[in-house]
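Participant: If you scroll down you'll find the structure; I have some questions about it.
The values are calculated or read from the model by the stated rules, or taken from the named source; none is laboratory data. Keep in mind it's a predicted model, so treat the numbers as computed, not measured. Reconstructed Cβ throughout: ideal geometry from the backbone, glycine too, with neighbour counts over all protein chains shown. The protein model used for the area step is the full one, side chains on, heavy atoms only, and it has no ligands, DNA or RNA in it. Shrake-Rupley method; radii C 1.70, N 1.55, O 1.52, S 1.80 Å.
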Amino acid sequence: MRLVLLGPPGAGKGTQAFRLSQILAIPQLSTGDMLRSAASAGTTVGMKAADIMKRGELVPDDLVARVIIERIAQPDAARGFILDGFPRTVSQAEILDGLLVADGHELNCVLELKVNEAKLLDRILGRAIQARASGEAVRADDNEEALSVRLTAYTNQTSPLTHYYSAKGLLRSVDASQPIDCVTAALIEAIE
């Protein structure tokens, strides 16, 4: 099962990707983690990415996609994977599709977590309050201003993916404003 998880910041992508990973026994693949891992492993693609990241620049789409292809070729992803955080643009989705096809694979499903903006703000602010209460560091972007910027970026760059994947018959949308267990159940149902 090869899945992509889409949704705005605060929708619960990380939580749900982890849960689905456990249920389906396939790895959750985070783009940032993959880039750091490829750089640490010293792969050719990883070393190129590391040089770019050291300069504080964004890693180009084609290079990110190659890191993902390297990662999904590993044995633990033979049964499938869950992409969390990639693709973020239609251009990235097209590159990913091309690389998957060249590797003899295709996506099975794209799961969209839908949550209204007021609920997202509640979640982000709640996450900051919980972090403070437990003595953990609060994420720098867990505030109303940063959420507004992130939502604008999501709307402009990532939300067009819903049309892209819908046209391919892959998109399944789930109301992610429900309790966590209900969202997980709805995602499993959407996959089946």
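Participant: Tell me which residues, restricted to the stretch 73-131, are of a type in the set (Gly, Ala, Ser), under 14 Å from Gly12 (Cα atoms) and either modelled with pLDDT of 85 or more or within 16 Å of the chain's Cα centre (by Cα) (or both).
Facilitator: Start the filter on the stretch 73-131 by keeping residues that are of a type in the set (Gly, Ala, Ser), which leaves 73, 77-78, 80, 85, 91, 93, 98, 102, 104, 118, 126, 128, 131.
Applying the additional criterion that residues be under 14 Å from Gly12 (Cα atoms) yields 85, 126.
If the condition is that a residue be of a type in the set (Gly, Ala, Ser), under 14 Å from Gly12 (Cα atoms) and either modelled with pLDDT of 85 or more or within 16 Å of the chain's Cα centre (by Cα) (or both), then Gly85 is the only one that fits.
Participant: Listed residues Ala190, Ala185; which is more than 23 Å from Val64 (Cβ to Cβ), assigned to a helix (DSSP H, G or I), in contact with a strand residue (DSSP E or B) (Cβ under 6 Å, 6 or more places away or on another chain) and modelled with pLDDT of 90 or more?
Facilitator: Ala190
Participant: If the requirement is being open to solvent by less than 30 Å² (accessible area, probe 1.4 Å) and within 25 Å of Ile72 (Cα to Cα), which of these qualifies: Leu96, Leu147, Leu120? Please lay out each step first, then the result.
Facilitator: On the way: Leu147 fails: within 25 Å of Ile72 (Cα to Cα); Leu120 fails: within 25 Å of Ile72 (Cα to Cα).
Matching residue, one of Leu96, Leu147, Leu120: Leu96.
Participant: Across the stretch 1-33, what is the total count of residues that are of a type in the set (Ser, Thr, Tyr), at pLDDT below 90 and either on the phi > 0 side of the Ramachandran plot or not in a strand (DSSP E or B) (or both)?
Facilitator: Matching residues across the stretch 1-33 total 1.
Participant: On to the next question. Which ones in the stretch 20-48 are open to solvent by 90 Å² or more (accessible area, probe 1.4 Å) and closer than 26 Å to Asp181 by Cα?
Facilitator: Hits for the stretch 20-48 are Gln22, Ile23.
Participant: Still on this structure, I have one more. What tally of residues in the stretch 49-83 results from selecting those that are touching a residue at least 12 places away in the same chain (Cβ under 8 Å), open to solvent by less than 70 Å² (accessible area, probe 1.4 Å) and not in a helix (DSSP H, G or I)?
Facilitator: Qualifying residue count for the region: 5.
Participant: Filter the stretch 161-190 down to residues that are small (Gly, Ala, Ser), touching a residue at least 60 places away in the same chain (Cβ under 8 Å) and open to solvent by 40 Å² or more (accessible area, probe 1.4 Å), then give me how many there are.
Facilitator: Taking the stretch 161-190 and keeping what is small (Gly, Ala, Ser), we get 166-167, 169, 173, 176-177, 185-186, 190.
Then keep just the ones that are touching a residue at least 60 places away in the same chain (Cβ under 8 Å); that gives 173, 176-177, 190.
Imposing the further condition that a residue be open to solvent by 40 Å² or more (accessible area, probe 1.4 Å) reduces the set to 173, 177.
Residues that pass the stated criteria total 2.
Participant: Just to be sure I understand, how many residues within the stretch 127-144 are assigned to a loop (DSSP other than H, G, I, E, B), without any contact (Cβ under 8 Å) to a residue 24 or more places away in the chain and open to solvent by less than 80 Å² (accessible area, probe 1.4 Å)? It would help to see each step written out before you state the result.
Facilitator: Step one: of the stretch 127-144, the residues assigned to a loop (DSSP other than H, G, I, E, B) are 134-143.
Narrowing further to those that are without any contact (Cβ under 8 Å) to a residue 24 or more places away in the chain: 134-140, 142-143.
Imposing the further condition that a residue be open to solvent by less than 80 Å² (accessible area, probe 1.4 Å) reduces the set to 134-135, 138, 142-143.
Residues flagged as assigned to a loop (DSSP other than H, G, I, E, B), without any contact (Cβ under 8 Å) to a residue 24 or more places away in the chain and open to solvent by less than 80 Å² (accessible area, probe 1.4 Å) within the stretch 127-144 amount to 5.
Participant: Quick check: anything in the stretch 34-41 touching a Leu at 6+ places or on another chain (Cβ under 8 Å), in a helix (DSSP H, G or I) and of a type in the set (A, V, I, L, M)? Even if it seems obvious, please write down each step before you answer.
Facilitator: The first filter runs over the stretch 34-41 and keeps only residues touching a Leu at 6+ places or on another chain (Cβ under 8 Å), leaving none.
No.
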